Amino acid sequence: MIPNLSINPQRLWDTLMETAEFGGTAKGGVKRLTLSDEDKQARDWFKRACEALGCSVTVDQVGNIYARRSGKRNDLPPIAMGSHLDTQPTGGKFDGILGVLAGLEALRTLHETGYETNAPIEIINWTNEEGSRFAPGMLGSAVVAGVYKPEFAWSLIDRDGSNFGAELERIGYKGDTQTGGRAFSAMFELHIEQGPILDKEKIEVGVVTGMQGMRWYEVTVTGESAHTGATPMTMRKNALLGSARMVDAIDRMAHEMAPSAVATVGMIENMPNSRNVVPGEVFFTIDMRHPDDEVLQQMEDRMRAELASVLTPLGLSYEERCIWSSPAVKFSPELIECVRIGAKKSGYTTKDLVSGAGHDAAFISRIAPTTMIFAPCLNGISHNEAESSTLEECAAGTQTMLNAVLEFDSRLG
Ligand code: GLV
Ligand code: MN
Ligand code: MN
């Protein structure tokens, strides 16, 4: 018999509001960059909260945190629930942390009812999902999935010159548990949708069937710094002008390939960034996504052709590197079925969705049955301090996840 265990919506909400203080901004958002002091505060809080429930908490070589509650059969790999505690520089209160705190709320519910699952339960905080400070993103889960070695993560440098490995040690989260060789019976990740569909259609729970492919690129354009007053227009090699034309070219390409294609230049550094110097060097990033990997490849080919045709006539040279690729993912049919059953059990309305955003579930799906659940967020606004979901929306996703976990666990008995 699968029990009816009800989460405590108010307790979930209170933990969301309490933890939003770690890096809380004046505009009501959160700035909790990976491996910052604020990230450490949230991690310490999460660790304490799990230990208070009697969980054993371990930290692996890249700082992923695992809080484990034993099951009846500890020979089984754990059923995991998790997401991330880090945020964008102007992030909100829900992206990432909702999935971690929903796992904690599920754990608290199991704890207070004394319910024993068959498999152990593990709540996970994956390190550096955002990739905002240290690129690429979804890093901790990628190392666990064997996409990178820990040494790769440790070697990353942020734009201010800080090193990932040193920062991990500084905040006390360079653990000694091996990242490789972990097994999970299943992994469920609850996340806000970060898009407008559920909110617009007033649907309570998103059943996520997969994730679109995404690639990140870094481009350095080199021209020649020169005096703005004394250098004739015909004699300039203006790296910012070339980069601005590329911003437009990339945007036009995505519009032409819409609605499924999206492409964005999100970060630009202009050197020397002085009002009376013709810019001599520019660094910028490109983020391109599409649900079909073949079309994503066509977008890459077109972007490369644009770089040559836009920059070369301006006398500019450039270096372009694809620093990250996450192919399109289809989630586990069995886990998707458990989510549907879980939502139905509590009477929630559902809609199938493919995730436009990247999530740790993408890499974990390579090593274990994995799926995701989406909660609505107001107007689909995310990666923004105004990000907003209600107590009821967060609770519906959390309750669905707990129901789905119990459904899946009952099949392991
Ligand atoms: C992660 O938030 C991403 O989709 O870039
Ligand atoms: Mn996220
Ligand atoms: Mn995010």
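The values are calculated or read from the model by the stated rules, or taken from the named source; none is laboratory data. Since the model is a prediction, treat every value here as computed from it, not as a measurement. FYI the Cβ positions are ideal-geometry reconstructions off the backbone, even for glycines, and counts take in every protein chain you see.
Couple of notes before you dig in:
- Among residues of the range 235-249 that are assigned by TED's automatic domain parsing to the domain that holds Y318 and among the charged types (D, E, K, R), those with a beta-carbon under 6 Å from a residue that is crowded, with 17+ Cβ neighbours inside 10 Å and in a loop (DSSP other than H, G, I, E, B) at least six positions away or on a different chain give the pairs K237/G223; K237/L316.
- Residue count, the range 108-120 (criterion: surrounded by fewer than 24 Cβ atoms within 10 Å (Cβ to Cβ) and hydrophobic (A, V, I, L, M, F, W, C)): 1
- Count - residues of the range 86-109 that are over 17 Å from S388 (Cβ atoms) and within 13 Å of ligand 1 (Cβ to nearest atom): 2
- Candidates in the range 56-87 are the residues that are within 28 Å of R159 (Cβ to Cβ) and small (G, A, S); of these, the one that is surrounded by the most Cβ atoms within 10 Å (Cβ to Cβ) is G63.
- Selection of the range 66-89 for residues being within 16 Å of ligand 2 (Cβ to nearest atom) and not small (G, A, S) yields M81, H84, L85, D86, T87, Q88, P89.
- The strands (runs of 3 or more DSSP E) located wholly in the range 310-413 that include 3 or more residues which are within 16 Å of ligand 3 (Cβ to nearest atom) occupy 370-375.
- Pick from the range 373-403, criterion among the aliphatic types (A, V, I, L, M) and in contact with a Leu (Cβ under 7 Å, 6 or more places away or on another chain), ranking: surrounded by the fewest Cβ atoms within 10 Å (Cβ to Cβ): A395
- Filter pass, L53 being within 16 Å of ligand 1 (Cβ to nearest atom) and either under 20 Å from the mean Cα position of the chain (by Cα) or surrounded by fewer than 24 Cβ atoms within 10 Å (Cβ to Cβ) (or both): no
- Residue within the range 69-78 that is without any contact (Cβ under 8 Å) to a residue 24 or more places away in the chain, over 19 Å from the mean Cα position of the chain (by Cα) and in the same structural domain as L190 (by TED's automatic domain parsing) present: yes
- Out of G161, G172, G140, G210, sole residue that is at pLDDT 95 or above, out of contact with any Gly (no Cβ under 8 Å at 6 or more places or on another chain) and under 21 Å from D44 (Cα atoms): G172
- Condition check for R159 on (1) closer than 22 Å to C322 by Cβ; (2) within 18 Å of the chain's Cα centre (by Cα): one failure, at (2).
- Scanning the range 143-162 for residues that are closer than 16 Å to Y66 by Cβ and either within 16 Å of ligand 2 (Cβ to nearest atom) or not in a loop (DSSP other than H, G, I, E, B) (or both) gives V143, V144, P150.
- Considered as a group, the residues in the range 121-168 that are more than 16 Å from W216 (Cβ to Cβ) and of a type in the set (D, E) include one that is surrounded by the fewest Cβ atoms within 10 Å (Cβ to Cβ), and that residue is D160.
- From the list A258, A263, A230, the one residue that fits, being within 27 Å of R366 (Cβ to Cβ), among the hydrophobic types (A, V, I, L, M, F, W, C) and without any contact (Cβ under 8 Å) to a residue 60 or more places away in the chain, is A263.
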